[in-house]
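The values are calculated or read from the model by the stated rules, or taken from the named source; none is laboratory data. The shown structure was predicted, so the numbers you read here are calculated from the model rather than taken from an experiment. Note: ideal-geometry Cβ built from the backbone for every residue, glycine included; neighbour counts use all protein chains shown.
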Amino acid sequence: MLEGRNILLIIGAGIAAYKSLELIRRLRERGVGVRCAMTDGATHFITPLSVAAISEHKVYQDLFSLTDESEMGHIRLSRESDLIVVAPATADLMARMAAGMADDLAATVLLATDKRVLLAPTMNVMMWNHAATQANVALLRQRGIVTVGPGSGDLACGEVGSGRMAEPPEIIAAIEYMLAPRPLEGASALVTSGPTYEPIDPVRFIGNRSSGKQGHAIAAALARAGARTTLVAGPTHEPDPAGVALVRIETANEMLAAVERLLPVDIAVCAAAVADWRVAAPANNKLKKGRNGAPTLSLVENPDILATIGRAGARRPRLVVGFAAETENVVANARAKLTKKGCDWVLANDVSPAQGTFGGDRNTIHLVHADGVEDWPTLTKAEVAARLVERVGRHLGRA
Ligand code: C5P
């Protein structure tokens with residue numbers, strides 16, 4: 001899928017610059033045209049000559065070069081590629097990007113571009129964890145810039161931790177992700193995922209075994225298809241999906257408040273395992289064992305978030321999708337949910353323990369809608385997400 005595409009690779013001043021040579025080679029093998037710009041610092045790590053030889057193009061270094069500007073000015077350089085990749089993306093270069101500076105060719109091109117930008121950050125672990133770097137990265141992500149890595153492991157400076165540049169195959173996977181067709185471009189989506197935790201007292205809660213894997217995979221797939229996606233997630237161990245705005249919540253009431261703030265959207269997918277009940281009056285202090293025996297918990301019903309979205313009137317999304325995790329009468333129960341919760345599609349799945357759905361990687365889905373049932377084969381949760389998003393695209397007339 002990368003054949004014939006053009007990438008502008010900006011090489012920053014990191015020891016990992018040597019991996020950029022491998023990245024260029026692998027991209028060239030896939031038929032990608034690679035033009036390279038290097039910061040002054042980068043030339044201390046690898047030579048422009050090797051970059052030019054491997055990329056088979058002249059290397060751009062100087063903002064004020066008369067010959068470069070007359071051949072391919074910095075504005076054209078930023079426009080004539082399908083994607084800009086910055087690898088290594090150093091703390092300094094990201095800080096200059098975040099501040100909107102244009103003090104060298106790399107920063108100017110990044111400020112002048114109308115193309116999407118992928119960063120492969122790398123630096124010492126303390127530099128990566130520094131509040132300034134984290135704030136810069138958060139700001140850049142907010143502006144739609146995508147990051148790949150850094151990974152954990154031995155760093156060139158001898159310390160261990162997060163800061164190592166992503167390997168070329170991971171960077172290429174991120175490039176493929178960013179250059180994939182985007183049928184949902186311009187649409188907005190919200191996804192709920194994970195469990196909710198309902199407090200009993202400050203240290204105890206009622207929760208469930210939902211891993212968040214399916215909801216997170218759906219949010220990632222919607223974003224990959226170009227939808228502006230917000231994920232409202234309960235406590236999970238899942239990594240943050242790329243290109244998705246994340247709102248973390250704990251309780252069902254917090255999830256509802258977050259969802260209500262996000263409406264209207266075009267697409268809503270409720271994959272969260274919301275606790276049906278919460279403790280009516282959680283204790284302010286930790287409950288103690290005592291002479292009075294075990295406490296009695298009085299429960300009240302939680303709001304139904306899917307039903308609230310399904311009946312949101314003018315603010316109702318064009319497509320509302322719910323899940324039905326059932327242990328018996330899977331399709332019949334899902335049908336009932338369609339009307340009860342006012343949703344367009346219910347993805348029904350069997351979560352009886354023998355199926356290993358909760359926390360597992362596979363799911364057997366029956367897509368139930370007003371016109372019938374579509375039985376899907378057993379798929380990984382990522383495949384379910386991709387199939388759902390493809391189906392959403394067709395439904396909205398975008399695929
Ligand atoms: O009624 P049940 O919990 O089986 O419904 C499952 C569907 O409803 C899921 O899509 C789930 O995310 C959603 N739901 C919700 N709020 C609740 C309960 C369920 O959004 N309080």
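Kindly provide the set of residues from segment 158-199 that are within 28 Å of residue 262 (Cα to Cα) and of a type in the set (A, V, I, L, M, F, W, C), ordered by number.
Within segment 158-199, 174, 178, 179, 180, 184, 187, 189, 190, 191 meet the criteria.
State whether the residues of segment 360-370 include one that is assigned to a loop (DSSP other than H, G, I, E, B), in contact (Cβ under 8 Å) with a residue 60 or more places away in the chain and over 26 Å from residue 198 (Cβ atoms).
Checking segment 360-370: at least one residue is assigned to a loop (DSSP other than H, G, I, E, B), in contact (Cβ under 8 Å) with a residue 60 or more places away in the chain and over 26 Å from residue 198 (Cβ atoms).
Is it fair to say residue 258 is more than 22 Å from residue 311 (Cβ to Cβ) and either in contact with a Leu (Cβ under 8 Å, 6 or more places away or on another chain) or hydrophobic (A, V, I, L, M, F, W, C) (or both)?
Answer is no for this residue.
Is it true that residue 334 is near the ligand (Cβ under 8 Å from one of its atoms), hydrophobic (A, V, I, L, M, F, W, C) and either in contact with a helix residue (DSSP H, G or I) (Cβ under 7 Å, 6 or more places away or on another chain) or not in a loop (DSSP other than H, G, I, E, B) (or both)?
No; evaluated as a whole, the condition is false for this residue.
Okay, residues lined up against (1) closer than 29 Å to residue 393 by Cα; (2) more than 13 Å from the chain's Cα centre (by Cα):
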{"site": "127", "(1), (2)": "no, yes"}
{"site": "140", "(1), (2)": "yes, yes"}
{"site": "147", "(1), (2)": "yes, no"}
{"site": "176", "(1), (2)": "yes, yes"}
{"site": "182", "(1), (2)": "yes, yes"}
{"site": "228", "(1), (2)": "yes, no"}
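Wholly within segment 219-325, which strands (runs of 3 or more DSSP E) include no fewer than the required count, namely at least 1 residues that are more than 16 Å from the ligand (Cβ to nearest atom)?
Fully inside segment 219-325 and qualifying: 228-233, 245-248.
Kindly establish whether residue 251 is of a type in the set (S, T, N, Q) and surrounded by fewer than 18 Cβ atoms within 10 Å (Cβ to Cβ).
Criteria not met by residue 251.
Select, from 346, 331, the only residue that is of a type outside the set (Asp, Glu) and modelled with pLDDT of 95 or more.
The unique qualifying residue is 346.
Conditions tested, residue by residue: (1) touching a residue at least 60 places away in the same chain (Cβ under 8 Å); (2) surrounded by 17 or more Cβ atoms within 10 Å (Cβ to Cβ); (3) under 20 Å from residue 323 (Cα atoms).
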residue	(1), (2), (3)
195	yes, yes, yes
204	yes, no, no
211	yes, yes, yes
217	yes, yes, yes
223	no, yes, yes
230	no, yes, yes
240	no, no, no
246	no, no, no
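Going through segment 162-195 one residue at a time, which ones are of a type in the set (Ser, Thr, Tyr) and in a helix (DSSP H, G or I)?
Hit for segment 162-195 is 177, nothing else.
With the checklist (1) within 14 Å of residue 191 (Cα to Cα); (2) out of contact with any Phe, Trp or Tyr (no Cβ under 8 Å at 6 or more places or on another chain) in hand, flag the one item residue 319 doesn't pass.
(2)
Could you count how many residues in segment 275-316 are more than 20 Å from residue 205 (Cα to Cα), exposed (fewer than 15 other Cβ atoms within 10 Å of the Cβ) and touching a residue at least 24 places away in the same chain (Cβ under 8 Å)?
3
If you check residue 24 against the conditions, is it assigned by TED's automatic domain parsing to the domain that holds residue 107 and surrounded by 21 or more Cβ atoms within 10 Å (Cβ to Cβ)?
Yes; evaluated as a whole, the condition is true for this residue.
Whether any residue in segment 317-328 is without any contact (Cβ under 8 Å) to a residue 12 or more places away in the chain and surrounded by fewer than 17 Cβ atoms within 10 Å (Cβ to Cβ) is what I want to check.
No, that holds for no residue.
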